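The block underneath contains the structure these notes are about, expressed in structure tokens.
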Amino acid sequence: MEAPGFFQSVFELAVAALILAAVLTSLRLLFRRIERHYRDAVKLYYFITSLIMITALAIAAYRYGLVDVLVGSLTAIGAMGLILGLGFVPWLSDIYSGLALMLNPHIKIGTEVEVAGKRGRIVLITLTTTRIAGDDCIIIVPNRKFRDEVVVIYGTKPPERIMRL
């Protein structure tokens with residue numbers, strides 16, 4: 001008499017788990033004997049057992065149709081990661097440029113600059129934006145503009161050796 005589908009698959013799974021446990025136990029006993037003579041046998045044991053477990057999981061996933069679900073999930077996660085990664089590029093560019101601005105000795109609060117055609121004095125530098133006080137207004141400039149465009153820093157004199165060139 002044949003068992004219904006669900007019980008048959010549970011029975012197959014239980015038998016497979018018992019066989020797997022017996023193989024792993026036998027391997028452990030064998031490697032305990034080998035370990036007495038070779039210290040590095042433990043590394044080989046862990047490698048072999050990992051290989052057996054991965055193979056068993058792959059077979060079970062294939063047998064029960066989990067491969068399609070796994071591949072679909074990994075594809076969706078990868079696509080979401082790509083979309084998020086591409087969405088964060090401008091923001092990360094601003095942060096990188098903000099750190100570079102904070103470390104630049106020529107650009108600090110109070111320096112008069114011209115960037116992207118806007119002129120004024122720097123009043124605040126954050127990781128993502130720089131605020132410039134212009135004529136009766138505050139200009140908020142993304143930090144990547146300091147990296148991508150020509151920046152004129154007023155009130156600084158180049159060193160003499162550069163002037164001679």
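Details
- Of all residues in the range 113-134, those satisfying the criterion of being under 17 Å from residue 152 (Cα atoms) and not β-branched (Val, Ile, Thr) are 114, 116, 117, 118, 119, 120, 121, 131, 133, 134.
- Residue 26 being among the polar types (S, T, N, Q), under 30 Å from residue 129 (Cβ atoms) and modelled with pLDDT of 80 or more: no
- Helices (runs of 4 or more DSSP H) contained entirely in the range 64-165, each with at least 1 residues that are at pLDDT below 90 and within 30 Å of residue 13 (Cα to Cα): 66-103
- Residues in the range 124-145 that are within 27 Å of the chain's Cα centre (by Cα) and more than 14 Å from residue 109 (Cβ to Cβ): 127, 128, 142, 143, 144, 145.
- Where a residue in the range 91-104 is aromatic (Phe, Trp, Tyr) and its partner, wherever it lies, is at pLDDT 85 or above and surrounded by 14 or more Cβ atoms within 10 Å (Cβ to Cβ), with Cβ under 7 Å and at least six apart: 91/128
- Of all the residues in the range 43-63, those that are of a type in the set (Gly, Ala, Ser) and over 16 Å from residue 12 (Cα atoms) number 1.
- Among the criteria (1) surrounded by 10 or more Cβ atoms within 10 Å (Cβ to Cβ); (2) modelled with pLDDT of 75 or more, the one residue 7 does not fulfil is (2).
- The set of residues from the range 30-39 being surrounded by fewer than 10 Cβ atoms within 10 Å (Cβ to Cβ) and either part of a helix (DSSP H, G or I) or within 40 Å of the chain's Cα centre (by Cα) (or both) comprises 33, 39.
- Per the conditions (1) surrounded by 12 or more Cβ atoms within 10 Å (Cβ to Cβ); (2) over 30 Å from residue 147 (Cβ atoms), the sole criterion not satisfied by residue 92 is (2).
The values are calculated or read from the model by the stated rules, or taken from the named source; none is laboratory data. Model, not experiment: these values are computed from the prediction. So basically every Cβ, Gly included, is an ideal-geometry build from the backbone, and we count neighbours across all protein chains shown.
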